[in-house]
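Quick note: the coordinates plus some simple rules give every number you see, no bench work behind them. Since we're looking at a predicted model, the values are computed, not measured. A quick note on method: Cβ atoms are made from the backbone with ideal geometry, for glycine too, and the neighbour counts reach across all protein chains shown.
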Amino acid sequence: MCWERDSMKSVWVVAGTDTEVGKTVAAVALARSLHRQLPSLIALKPIESGIAVLSREQEDGVRLARAIDQVNPSEALIRLKDPVAPPLAADREGRTLDWEVLLQEVQHHIERGGGALIEGAGGLLSPLTWGHTTLDLASELGAPLVLVVPDCLGALNQTRMAMAAARERGVRVACVVLSGGARPDHTTGHNREGLLRCHEFQGDMAPAIIELPQVGPGETGEHVFDSWVERNVS
């Protein structure tokens, strides 16, 4: 059953079609753009693995919080050492991941803010716990997805498969972000026109498509989201 939240609060879940597709870069850029419209926005990552091979500044949860100068939470709610799927990382540490407790903590942070941007881990169907995924998180929260897809060969298939999975669960994909920083090839910069010819992107209710070029040092790319944010923030 979906959690009953304040209908006035805008909540989005950022998911990728795979790991290492530029999800955090997109989430940071979107958070910065949203924050200008929603000053009390909460940006958080419920669970993150791989912290043992990262500096604190490289952690996704830390980067997301710092993007909007957020003090609490300042990092992922659950941080795990090994760079593997979260439930496997938890098993290796002898920890138990309690989905209901994690969900309640996420809900608590959403309630205290004026809107929320939540970043998943891995791909859309990668396990957050052995029984739950980022898609389950979006479904439980009644939140639409911002789907991050590498702008390279395979983007059309990956996007449509992820959208089919979301549609089966009754979760809306509000926006598809084509990430140019992941494995660019001869299709990079051309996948948007291909998606627009697919039936999923026909009609007034079709997801927006945003192209996020590779972000250089000192850049965030937030400007690519500004128009979409202005249209979608209630």
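If you restrict to DSSP beta bridges whose two residues both lie in region 128-234, what percentage is antiparallel, to the nearest 5? Before the final figure, lay out the partial values.
Details: 1 of 12 bridges.
Looking only at bridges with both residues in region 128-234, the antiparallel portion is about 10 percent.
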Compute the signed sum of charges (Lys and Arg +1, Asp and Glu -1) over the other residues within less than 14 Å, Cβ to Cβ, of Gly189. -2
Could you run the Karplus curve 6.51 cos²θ - 1.76 cosθ + 1.60 with θ = phi - 60° over region 76-93 and give me ³J(HN,Hα) per residue in whole Hz, x for Gly and Pro? 4, 5, 10, 10, 10, 6, 6, x, 9, 3, x, x, 5, 4, 5, 4, 5, 8
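For region 73-143, take N as its residue count and report Rg(C-alpha) divided by 2.2 N^0.38 Å. Mind showing how you got there, number by number?
Values: Rg = 12.2 Å, N = 71, 2.2 N^0.38 = 11.1 Å.
The reported ratio for this selection is 1.10.
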Name the long-range amide H neighbours of Ile47: under 5 Å, sequence gap of 5 or more, or other chain; modelled H, no Pro or chain starts. Leu77, Ile78
With Cβ to Cβ distances under 12 Å as the rule, what net charge do the other residues near Met163 carry (K, R +1; D, E -1)? +2
Contact order normalised by residue count of the chain, Cα under 8 Å, 6+ apart, percent: 27 percent
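Reported to two decimal places, what Rg/Rh ratio describes region 1-93 when computed on Cα atoms with Rh from the Kirkwood expression? Could you put the intermediate results ahead of the total?
Working: Rg = 14.1 Å, Rh = 14.3 Å.
Ratio value, two decimals: 0.99.
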Interchain or long-range residues, amide H under 5 Å from Ala116's placed H: Ser10, Val11, Trp12, Ile42
Kirkwood-type radius of region 151-217, with distances r between different C-alpha atoms, in Å: 12.5 Å
